[in-house]
Structure formats: C-alpha cells, structure tokens
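Reviewing the structure listed below.
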Amino acid sequence: QKEVEQNSGPLSVPEGAIASLNCTYSDRVSQSFFWYRQYSGKSPELIMSIYSNGDKEDGRFTAQLNKASQYVSLLIRDSQPSDSATYLCAVKPDDKIIFGKGTRLHILP
Amino acid sequence: EPEVTQTPSHQVTQMGQEVILRCVPISNHLYFYWYRQILGQKVEFLVSFYNNEISEKSEIFDDQFSVERPDGSNFTLKIRSTKLEDSAMYFCASRRDREGGYTFGSGTRLTVV
C-alpha cells in the first residue's frame with residue numbers, strides 16, 4: 001500500500017514567522033514530489049515540485065527532499081494570513097500522484 | 001494563465017440516476033485524470049487517461065464509472081447509477097508531460113440525494 005503521511009494539524013504560526021510542514025512517504029520508487037495548497041471548498045493548487053535531493057526555493061517557499069529518509073518538507077517564510085490553507089503533500093510513484101490527507105495551517109495575525 | 005475548466009460547478013442528482021461531469025483540459029496537455037474528494041477526506045485518484053485510453057484506474061473506478069474524450073477537447077466522467085456514497089467533489093486534472101505537476105480544475109460538487 002502506497003502511503004503519504006502528514007500531520008493533520010492545525011498548525012498555528014504567527015504572522016511573519018516560518019511555517020514548517022512535513023511529509024513522509026512509503027514508496028521508494030517515487031521520483032517526483034509536489035506540494036499543493038487547498039483553500040476550503042476549492043481545488044488543489046500546485047505551489048512546488050521537487051525531483052532531486054536537497055532544497056528548492058521559489059519566493060517565500062522552500063521544498064526539501066531526502067529520498068533516503070523518504071521525507072519531504074515545505075518551509076514558508078514570512079507567513080501571511082493568506083497562507084492559511086490546507087497543504088497537501090503528493091508523490092508520484094507511477095503515472096498517478098498520491099496525496100496525503102493534508103496539514104491545516106493557520107497563520108495568526 | 002491556461003486553466004482546466006469543469007462544468008457544472010454543482011450537480012444534485014437522485015440516487016440511481018446517471019450523471020456526466022465535464023472537463024476541458026489545457027489544450028497542449030496530453031495526460032488527463034479524474035480525482036475525487038469526499039468532504040473532510042483526502043484527494044483520491046480515480047482514473048488516468050492517455051492517448052485515448054485508460055492507462056490506470058483505482059479500485060473506486062468500478063463498472064459504474066466510465067471516461068471519454070469524445071472530441072479532442074472535452075474529457076468526461078460518467079457515473080451510470082449514482083449512489084449516496086458518490087457524493088463528493090470531483091476534480092479533473094491534466095498535465096503536459098509525464099514528469100510535470102498536475103493542473104486541477106475548479107471541481108464539480110456532486111450531491112446524490
């Protein structure tokens with residue numbers, strides 16, 4: 001069974017601080033990893049993709065991948081109230097992507 | 001920015017009725033998907049479609065479900081005889097190549113009564 005595990009939260013972070021979201025996955029063959037943001041009642045929106053070990057930065061977002069530990073993380077710097085959402089970790093072991101249940105992030109003004 | 005378009009945004013149907021959910025993927029995308037999300041639960045894979053045929057389907061995608069790309073632009077999901085447990089948000093997604101991330105449509109909320 002291919003699984004993607006995330007802490008469901010909520011994770012509360014003060015405005016302006018760094019939010020750290022974590023994800024582990026079970027399938028070692030996965031080569032592509034994604035972070036999606038989902039606002040309540042809306043569709044998932046791709047914010048980061050990462051394919052190799054290490055860090056990848058895009059604006060306020062940094063994705064980190066450690067394939068040996070089967071671990072993916074997302075850092076959000078200078079958190080804003082608009083970052084309050086559910087963050088979905090997704091992995092791609094084959095043609096499809098598999099989602100975790102998501103972590104609810106709440107940015108405190 | 002190119003979008004994946006889904007219609008209708010909300011559909012209410014009686015149990016046992018057939019529904020067709022419609023999607024227009026991004027025009028240069030080659031891989032198409034349907035996912036669903038039951039309220040409060042995770043986004044679940046239903047089916048993938050490439051080169052005019054199903055490439056993979058999940059256990060959820062039983063004989064009551066079918067997909068079609070009738071005219072080169074639309075991509076449809078049909079549920080033949082809806083059940084109460086089919087109530088969910090249904091998302092269409094597409095991507096251009098095998099390695100890219102998916103772009104999701106805004107979803108169709110299906111309510112079976």
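Here are a few things to note about the model shown:
- Pairs over the 25 Å Cα-Cα cut-off, from the set A:K42/A:K96; A:K92/B:K57; A:K92/B:K83; A:K67/B:K57; A:K56/A:K92: A:K92/B:K83; A:K67/B:K57.
- With kT/(6 pi eta Rh) evaluated at 37 °C and eta = 0.692 mPa s, and Rh the Kirkwood radius from Cα pairs, region A:57-109 diffuses with a coefficient of 259 µm²/s according to Stokes-Einstein.
- When the alpha carbon gyration tensor of region A:19-62 is reduced to an equivalent ellipsoid, the three semi-axes, largest first, read 20, 15, 10 Å.
- Global size of chain A: 13.1, 41 Å for Rg and Dmax (C-alpha atoms, Rg to one decimal, Dmax whole).
- Dmax and Rg, reported as Rg then Dmax, of chain B (C-alpha, Å): 13.2, 39
- Pairs of Cα atoms farther than 21 Å apart, the protein assembly as shown, %: 55
- Within region A:39-96, none of the chymotrypsin sites (Phe, Trp or Tyr not before Pro) combine a DSSP coil assignment with at most 10 other C-beta atoms in a 10 angstrom radius.
- Region B:10-57 and region B:65-113 have Cα centres lying 2 Å from one another.
- Once divided by 2.2 N^0.38 Å, the Cα radius of gyration of region B:55-113 becomes 1.25.
The numbers here are math on the coordinates, done by the rules we state, and not lab data. Remember, it's a predicted structure, so these values are computed and weren't measured experimentally. Note that each Cβ is placed from the backbone with ideal geometry, even for glycine, and that neighbours are counted across all protein chains shown.
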